[in-house]
Amino acid sequence: MDEQGYISNLYGRRQDKPLRARPARLMEEFLPRVATPDPGVGEIDPATMFSGKREIWFEVGFGGGEHIAWQAAQNPDVGLIGAEPFVNGVAKLLSKVDEGGLENIRIHFGDARPLMEALSTGSLTKIFVLHPDPWPKKRHFKRRIISPWFFKEASRLLRSGGELRVASDIPDYIRWTLMHGQNAPSFEWAAICADDWNVRPADWPQTRYEAKAAREGRAPAYLKFRRI
Ligand SMILES: C[S@@+](CC[C@H](N)C(=O)[O-])C[C@H]1O[C@@H](n2cnc3c(N)ncnc32)[C@H](O)[C@@H]1O
């Protein structure tokens, strides 16, 4: 456990290989300009990070940033916050933000959970968790980000009618997410027919992990939970 009581290796490694010069420069010089406030400072109203945005969306574990960058480009009137502890992923997103002129993204380099706890109640309208680390061994289930704690925090953060989207290509994790979703009284699974979770919606771009799963023959489920 770390000092906040979280299981600190929930998100595994933070770096795989040393950064090249440009990504290292982006981390040092550009990240401070687009970083969220430090969750350690207390409550954060995410609206203060943006000006004139109609909604604020949050992505947990954005990986290489494909999804958050796509959403930001498609929805310039929305503010997007992404949290990711993996330095190479953060550097990739910084490059996309810089090259695409995406002024509506703010980045938390680190664990999403303290930031979620710091954000104001009812401040978000969408939360995305795409292909979370599966932690397949039973003794590691407690490290899974989708948990009763997660649904409770998501319920506090989302406005009524807001949406929690979870994708996974691991059948056991899909069942796990549905089970925790069913046990969360303030959410309903927004699926009516099989196509609602078998077919990727048009406003849901493919991520690197989804592409990897497809290459390896695994089909993802696209789960949408509506905040009641
Ligand atoms: C399997 S990868 C999926 C990445 C990306 N969402 C995609 O679909 O390509 C899971 C990601 O979640 C991140 N992650 C794990 N635990 C996290 C946490 N507590 N807060 C934020 N990100 C986390 C990992 O660093 C990793 O990048």
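The values are calculated or read from the model by the stated rules, or taken from the named source; none is laboratory data. Bear in mind the structure is a predicted one, so any value in this text is a computation, not a measurement. Every residue, glycine among them, receives a Cβ derived from its backbone with ideal geometry; neighbour counts consider all protein chains shown.
Tabulated data
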item	result
Restricting the stretch 44-64 to residues that are assigned to a loop (DSSP other than H, G, I, E, B) and away from the ligand (no atom under 16 Å from the Cβ), the residue that is surrounded by the fewest Cβ atoms within 10 Å (Cβ to Cβ)	Gly52
Of residues in the stretch 116-131 being farther than 19 Å from Phe187 by Cα and surrounded by 21 or more Cβ atoms within 10 Å (Cβ to Cβ), the one nearest to the ligand (Cβ to nearest atom)	His131
In the stretch 184-202, the residues that are without any contact (Cβ under 8 Å) to a residue 24 or more places away in the chain and charged (D, E, K, R)	Asp195, Arg200
Complete set of residues in the stretch 84-106 that are in contact (Cβ under 8 Å) with a residue 40 or more places away in the chain and either not in a helix (DSSP H, G or I) or not hydrophobic (A, V, I, L, M, F, W, C) (or both)	Pro85, Phe86, Asn88, Lys92, Ser95, Asp98, Asn104, Ile105, Arg106
Pair list, Cβ under 6 Å, 6 or more apart: the stretch 203-215 residue of a type outside the set (Lys, Arg), other residue assigned to a helix (DSSP H, G or I)	Pro205/His67; Pro205/Trp70; Thr207/Glu66; Thr207/His67
Output for the stretch 119-150, where each listed residue is free of Cβ contacts under 8 Å to residues at least 60 places away in the same chain and outside any loop (DSSP other than H, G, I, E, B)	Lys138, Arg139, His140, Phe141, Pro148, Trp149, Phe150
Test: Ala83 is of a type in the set (Gly, Ala, Ser) and within 9 Å of the ligand (Cβ to nearest atom)	yes
Filtered residue count, the stretch 53-84, keeping only those that are under 14 Å from His108 (Cα atoms) and either modelled with pLDDT under 95 or not small (Gly, Ala, Ser) (or both)	9
Every residue from the stretch 154-175 that is within 16 Å of the ligand (Cβ to nearest atom), out of contact with any His (no Cβ under 7 Å at 6 or more places or on another chain) and part of a strand (DSSP E or B)	Leu164, Arg165, Val166
Within the stretch 107-118, tally of residues that are part of a strand (DSSP E or B) and either within 22 Å of Pro220 (Cα to Cα) or aliphatic (A, V, I, L, M) (or both)	1
Conditions (1) within 9 Å of the ligand (Cβ to nearest atom); (2) within 24 Å of Glu163 (Cβ to Cβ); (3) crowded, with 19+ Cβ neighbours inside 10 Å; number of the one not met by Arg106	(1)
Scan of the stretch 181-204 for residues that are within 14 Å of the ligand (Cβ to nearest atom) and surrounded by fewer than 16 Cβ atoms within 10 Å (Cβ to Cβ), ordered by number	Arg200
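Residue-by-condition table, conditions (1) over 23 Å from Ala69 (Cα atoms); (2) within 18 Å of the chain's Cα centre (by Cα):
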site	(1), (2)
Pro132	no, yes
Pro148	yes, yes
Lys152	yes, yes
Leu164	no, yes
Ala167	no, yes
Tyr173	yes, yes
Asp196	yes, no
Thr207	no, yes
Arg227	yes, yes
